[in-house]
Amino acid sequence: MTPTLDKPIPKKTLEGLRERVAAEGLLDVAYTSVDSPFGTLLLAKTPRGLVRLGLPEEDADALLADLAGRISPRVLEAPAGLDEERRELDDYFAGRRRDFELPIDWQLSHGFLLRARQEIAAIPYGETRTYTDLARGAGNERAVRAAGSACSRNPIPLVVPCHRVLRSDGSLGGYAGGLEMKEKLLDMERNP
């Protein structure tokens, strides 16, 4: 039988629990949500850095379950632990930030996908690259479809700006947040 609580846990008690869990090294993944011009984003980080950024179109519960399965079941909502990530995203959307300075935990990326995503992270604000450029930079110019996969399954969009990757003909291609979001992000960066 699962125990139930007759009363909600007081906010102060919950915050104290979060602090204790973090201080004792019992927390492997901290997460919170943040509002954006496109809807609610989900941020998750490990002690190494930002590991996941869920876009508004993604199911937050499924994303957290995936993190629990792939990284650790010790996942806890800890908004204060992601203040810097929220601040940098707010600054980005307000046009006050062009480069993210957040540490990134790359553990959800391996091999070619890791190299491609590191190439994406190096694309300067307001500039674009093609999927072919991305494949070439990641070490295999014929792996254009794999470069597309590196973008479409990018665990840290916006911070690893896959919206800056276009088709060779200059068309948008795809985007996990939808083409309208991709177009608006590119417009925002081109016209600060």
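Coordinate-derived values only; no laboratory data. What you see is a predicted model; the values in this text were computed from it and never measured. Using ideal geometry, Cβ is built from the backbone for each residue, glycine included, and neighbour counts are taken over all protein chains shown.
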Worksheet item: Taking only Cα atoms, what is the 0 to 90° angle, nearest 10, from helix 83-93's long axis to the longest principal axis of the chain?
Response: 40 degrees
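Multiply the residue separation of TYR125 and ARG97 by 0.36 nm, subtract the distance between their alpha-carbon atoms, and state the gained length in nm to one decimal.
Working: separation 28, 0.36 × 28 = 10.08 nm, distance 0.93 nm.
Using 0.36 nm per residue and subtracting the Cα-Cα distance, I get 9.1 nm.
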Practice prompt. Express in nm, to one decimal, how much length is gained between ASP28 and LEU114 on full extension, taking 0.36 nm for each residue of separation and deducting their alpha carbon distance.
Written response: 28.8 nm
Worksheet item: Counting each DSSP H run of 4 or more residues in the chain as -39500 (n - 2.57), what helix-only mean residue ellipticity at 222 nm follows after dividing by all residues, to the nearest 500 deg cm²/dmol?
Response: -11500 deg cm²/dmol
Practice prompt. Describe numerically, in nm with one decimal, the distance between label points set 7 Å from Cα along Cα→Cβ at GLU141 and at ASP169.
Written response: 2.2 nm
Response to the item:
Ranked on Cβ counts within 10 Å of their own Cβ, fewest leading, SER109, SER149 go SER149, SER109
Practice prompt. Name the longest site-free stretch of the chain, where the excluded sites are trypsin sites (Lys or Arg not before Pro) in a DSSP loop with no more than 15 other beta-carbon atoms within 10 Å.
Written response: 1-47
Worksheet item: How compact and how long is the stretch 111-190, expressed as Rg and Dmax of its alpha-carbon atoms in Å?
Response: 11.1, 32
Fill in: Extension gain (nm, one decimal) between ALA68 and ALA80, 0.36 nm per residue minus Cα-Cα
2.3 nm
Worksheet item: With the calculation restricted to Cα positions, what are the radius of gyration and Dmax of the chain in angstrom?
Response: 18.1, 60
